[in-house]
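Chemist: Provided herewith is a single structure, encoded as structure tokens, for subsequent inquiry.
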Amino acid sequence: MGQGAVGQGAVGPAGVLSLAGVLSLAGVLAGDSGAQPAGTPLPLDPPGKDALSHGRGLDCWEVRKHNSSEWCRFVRSNPDCRLEGGFLDYLEGVFCVFPPRLLPLAVTLYALWLLYLFIILSVTAEKFFCPNLSAISTNLKLSHNVAGVTFLAFGNGAPDVFSAVVAFSNPRTAGLAIGAIFGAGVFVTTVVAGGIALVKPFTAASRPFLRDVIFYMVAVFLTFVVLYFGRITLGEALGYLGLYVFYVFTVVLCTWIHRRQRGEGLPPPGHWEPEMPTDAEEQESSGTNSGDYGEEYRPLLPSRETSLRILRAALSPLDYLKWRRKPWYWRLFKVLKVPVELVLLLTVPVVDPDKDDLNWKRPLNCLHVLTSPLLCILTLKSGAYGLYQIQGVFPVWGLVTLVGSILAIIIFITTSNEEPPKYHCVFAFLGFLASAMWINAAATELVNILRTLGVVFQLSNTVLGLTLLAWGNSIGDTFSDLTMARQGYPRMAFSACFGGIIFNILVGVGLGCLLQMTSSQLVVKLEPDSLLVWILAGALGLSLVFSFVSVTAQCFQLGKAYGVCLILYYLAFLCVALLTEFRVIRLSAG
């Protein structure tokens, strides 16, 4: 999805993270001393514990049905309570570290950490991942249309796609991915699209709208098929990716045809179709870009600065002049983001083609040669590869540190502060990889903590995906698209509602399932949560059909009535989904 924005609780990110780490460590130590070996009979089992001692096939949700004194033993002995990947064991933390009477405190801390994970996803995607993708597309000399439906779509949808890939890696959390992708699809195509029509009535671009909606409906139909069979085969996963490649080809072909028609004398756009701003204009209107910290303090005349001053300025995430102008709530949110931005500045290089020096910061970029590879191996598979010891003697992270230090010294000696080296574009690929690893690590923690909250509140993964995960990943799209509409570009914002979501569903499902197949069998079992998944998929398909019919019937003139209908439709869908989750609506036994 697009630029997300999220916040952290007042306790501070370091406090939450360190507390969570201490709790997880305490849970591990407690597990070493108190856990029963597998197969050891529990002494003096009271009635009802038989299922606990033989509960290796039980769903982890069953933990809340037992006495609170049995929660920890159930979580440690049940394979279904094992969280895939991640640095923290949230289930063991909430059920073993915290006493039962402090369960509300544990849930509150987890909720604050969940919000901060959305901050990490948002800042990483917006300020580091997307700019590097833009630099890569510029270096590859891709056209704006190809870059828009590939690299830009990947940058905007990074949190959604990585969350889906992580969720699909475990059959028990596949419902979370389905709920998030479909839930975000319903939210963006109803609430966001309806909000754009309410903010500024407009005339939609006919051909791009019809093209995107038709492709989206095909993707939803394909998902209906795989849900019906309850599995995704290798051919179907490749079909998702192949459909997206065909979509990219169609976008490029349609753009080429449209340009030829306009070149043959077709009339220019009407008064309702604003001219698209150039890249430079968009940069000027969008404020500071990633890495633009302290831009207003740059001197008019270039002067030679010491490496230490350059490093200090590059690592400053605060623009003090902007800080004084902004309101208190902006300052509060900025304080919450500063720790994330500082860590990202230390570990992720950013190449900016719109700057004269391409954002070349010699001392910081040399440091990135060491920190970025170190970050990659320590976050890949939750650090399993980084901690591996070569021949049982020398750790991999030590080797990476040694090689990175040598390369950093060579680059520092052979370059200058004033002019970037010819191979500076390589830093864009390094920054892309490092930011992708940050997003993947945050998405893994996000999926694990959502599954933990689902176990605590006994909610299905699907409903968590279509609410918390979908809303968190879509909030950036909501603000950016509505802002774009208020600034006079409702057509562009409306097209983004449908075009961006196509990438998320096709690549999110296709790539997520394909990566799982590389590590296990060639079939991914979805195990949909019965009626709720069908309601979710049906709601998305119905909303697309409604937009397709109503927009065409109105000759693409969209007003406030259309926006109100879409928002009411989403509220009705949300009510039906929640009533289904709480068994108010259910299939009859007959």
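Chemist: Order GLU92, GLU62, GLU84 by their accessible area, 1.4 angstrom probe, all chains in place, largest first. List each step's numbers first, then the result.
Modeler: Working: GLU92 30, GLU62 55, GLU84 90 Å².
The most accessible residue leads, giving GLU84, GLU62, GLU92.
Chemist: Arrange the residues ILE505, ILE377, ILE585 by how much accessible surface each exposes, largest first, with a 1.4 angstrom probe.
Modeler: Listed by decreasing accessible area, they come as ILE585, ILE377, ILE505.
Chemist: Let me ask something additional. Give the long-range amide H neighbours of ARG231: residues separated by 5 or more places, or on another chain, with amide H under 5 Å away, using H modelled in the peptide plane at 1.01 Å from N.
Modeler: Answer set, sorted by chain and number: LEU526.
Chemist: I'd like the Karplus ³J(HN,Hα) series for the range 537-543: coefficients 6.51, -1.76, 1.60, θ = phi - 60°, whole numbers in Hz, and an x wherever there's a Gly or Pro.
Modeler: 5, x, 5, 5, x, 5, 5
Chemist: Return the loop-located chymotrypsin sites (Phe, Trp or Tyr not before Pro) in the range 73-118 (DSSP other than H, G, I, E, B) with at most 16 other Cβ atoms within 10 Å of their own Cβ; answer none if there are none.
Modeler: The qualifying sites are PHE87.
Chemist: Between the range 527-581 and the range 172-201, how far is it from one alpha carbon centroid to the other, in angstrom?
Modeler: Going from one Cα centre to the other spans 9 Å.
Chemist: Here's another thing I want to ask about it. Please list LEU522, LEU468 in order of solvent-accessible area, largest first, computed with a 1.4 Å probe with all protein chains present. Don't skip to the end; give the middle numbers.
Modeler: Values: LEU522 105, LEU468 65 Å².
So, going from the largest accessible area down, we get LEU522, LEU468.
Chemist: Further, regarding this structure: Using alpha-carbon positions, what is the distance between the centroids of the range 85-129 and the range 407-479, in Å?
Modeler: If you average the Cα positions of each part, the centres end up 16 Å apart.
Chemist: Let me ask you something else. Per-residue accessible area for MET217 at 1.4 Å probe radius, Å² rounded to 10?
Modeler: Using a 1.4 Å probe on the heavy atoms, I get roughly 50 Å².
Chemist: Can I ask one more? Amide H to amide H under 5 Å from ASP352: which residues, 5+ apart in sequence or cross-chain, H placed 1.01 Å off N in plane?
Modeler: ASN359
Chemist: Let me ask something else about it. Could you compute how much accessible surface LYS361 exposes when probed at 1.4 Å, giving the result in Å² to the nearest 10?
Modeler: 40 Å²
Chemist: If you don't mind, there's one more thing I want to ask. Could you tell me which of rounded, prolate or oblate describes the range 368-461, using a ≥ b ≥ c as the square roots of the eigenvalues of the alpha-carbon gyration tensor, with rounded for a/c under 1.5 and, failing that, prolate when a/b is larger than b/c and oblate otherwise? List each step's numbers first, then the result.
Modeler: Numbers: a/c = 4.83, a/b = 1.80, b/c = 2.68.
Oblate, because a/c is 1.5 or more while a/b does not exceed b/c.
Chemist: Take the alpha carbon atoms of the range 492-518, find their center, do the same for the range 208-256, and report the distance between the two centers in whole angstrom.
Modeler: Cα centroid to Cα centroid, the span is 9 Å.
Chemist: Work out from phi, with θ = phi - 60° and the Karplus expression 6.51 cos²θ - 1.76 cosθ + 1.60, the ³J(HN,Hα) of each residue of the range 449-455, listed in order in whole Hz, and give x for Gly and Pro.
Modeler: Couplings: 6, 5, 5, 4, 5, x, 5 Hz.
Chemist: If you take the square roots of the eigenvalues of the alpha-carbon gyration tensor of the range 201-254 and sort them as a ≥ b ≥ c, do you get rounded (a/c under 1.5), prolate (a/b over b/c) or oblate?
Modeler: Note, shape of the range 201-254 comes out oblate.
Chemist: A further question follows. Return the Cα extents of the range 51-200 along principal axes one, two and three, sorted largest first, each rounded to a whole Å.
Modeler: 61, 38, 25
Chemist: Roughly how much of VAL213 is accessible, in Å² to the nearest 10, using a 1.4 Å probe?
Modeler: 0 Å²
Chemist: Treat the range 321-422 as a sphere of radius equal to its Kirkwood radius over Cα pairs and apply Stokes-Einstein at 25 °C in a medium of 0.890 mPa s; give the translational diffusion coefficient in µm²/s, rounded to a whole number.
Modeler: Estimated via Stokes-Einstein, D reaches 152 µm²/s.
The values are calculated or read from the model by the stated rules, or taken from the named source; none is laboratory data. What you see is a predicted model; the values in this text were computed from it and never measured. With ideal geometry, Cβ positions are generated from the backbone for all residues, glycine too; neighbour counts draw on all protein chains shown. For the accessible areas, the whole protein counts, side chains as well, though only heavy atoms, and no ligand, DNA or RNA atoms are used. Shrake-Rupley method; radii C 1.70, N 1.55, O 1.52, S 1.80 Å.
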